[in-house]
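Q: Below you will find the structure I want to go over with you.
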Amino acid sequence: MLSILFLFSIFHISLSDIWYSKSQCTQKEYANHMDINCNSNEFILIGWSHYGTKKLVHRINSSSSSSICEPSETDCIMDYTHKIAELCNGVSKCEVILTQQFIHKCSDEATYLFISYQCIQNSTIIDICSQRSITSLNGINLISPMFPNEYPNNINCTCSIESKKKSNIIIDVESLSFNLQDNDNLLSFSGTIPFGASLLTVKNQLNLKFQTDETLSQSGFWIRLYGI
C-alpha cells in the first residue's frame, strides 16, 4: 500500500516554463509515430493531448490535405492526455506510436494527434525521499523515488517544505499511477487526489509523508506546486 499524506500547506512558487506543441496526421500515408524530445538535462511534462477530426464542412472547404492535421477550435476531439502522460512524463525522449482512433462522439475516425508539452529542468525536480526539508523555493516538482520507473517497496519518508513568503498554493497532479489492487493512493486534506487534479492550499508550510508496503508497485507520481 502506498500513501502520501498532506499534513499542512505551503509557500510561494513561480514556475515559468515554455510550452511546445506538435500535431501529426494519423492516416496511413503519414509517419506512424511522433517524437517528443527535450534536452538530456530535461524531463518531458505533458500538458494536454487529444485525437481530433474535422467536421465534414471544414474538410470540404480545406485548401490542403495537411490542414486536416492541424487542430482548430471547431474540431471534434477525444482527450488523450492521461495516456500520453503515462508514456512520456519523466523522460527526455519519447516516441508516440500513432493509431487509428474512432471517436464515438464524433462518429468518425481521428485525422490527427495533438500534444502540448514542456521541457522541465532536472534541477527543479526533487525526489520526495531525497531531502528531509526544503526551503526558499521559486518552483518545485516533486516525484516519487525512481519516477517514471516503479517506486521501491517498504518506503517511509517525510519531507518538510516551507517558504519565507506566505501565499496560497496550487498543487497540480501531473502523473499518478498506483497499484489500486493494493489500495495504493495519493491522499491529502481533502481526500484522494485523482490524475489531473488541482488543489488550493492556504498556509505556508507543507509536510509530505510517503509510504509503500511490500506488494506490487507502479510508476508513482509527479506533482507540481505553484504560488498564486
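Q: What single numbered condition from (1) surrounded by fewer than 16 Cβ atoms within 10 Å (Cβ to Cβ); (2) at pLDDT below 80 fails to hold for PHE178?
A: Single failed check for PHE178: (1).
Q: Now a separate question. Which of the residues spanning segment 33-53 are among the β-branched types (Val, Ile, Thr) and without any contact (Cβ under 8 Å) to a residue 60 or more places away in the chain?
A: The answer is THR53, and nothing else.
Q: Could you run through segment 66-121 and say how many residues are assigned to a helix (DSSP H, G or I), in contact (Cβ under 8 Å) with a residue 12 or more places away in the chain and either assigned by TED's automatic domain parsing to the domain that holds MET146 or aliphatic (A, V, I, L, M) (or both)?
A: Number of matching residues: 3.
Q: Continuing with the same structure: Only one of GLY139, GLY191 is modelled with pLDDT under 65, under 21 Å from the mean Cα position of the chain (by Cα) and not aliphatic (A, V, I, L, M). Can you tell me which?
A: Answer to the selection: GLY191.
Q: Taking segment 100-138, which residues are over 26 Å from ASN37 (Cβ atoms), in contact with a strand residue (DSSP E or B) (Cβ under 7 Å, 6 or more places away or on another chain) and small (Gly, Ala, Ser)?
A: SER133
Q: Further question on the same structure: Take the conditions outside any strand (DSSP E or B), modelled with pLDDT of 90 or more and exposed (fewer than 13 other Cβ atoms within 10 Å of the Cβ) and apply them to SER130. Does it pass?
A: yes
The values are calculated or read from the model by the stated rules, or taken from the named source; none is laboratory data. Everything numeric in this text was worked out from a predicted model, so none of it was measured. Heads up, the Cβs are rebuilt from the backbone with ideal geometry, glycines too, and the neighbour counts pull from every protein chain shown.
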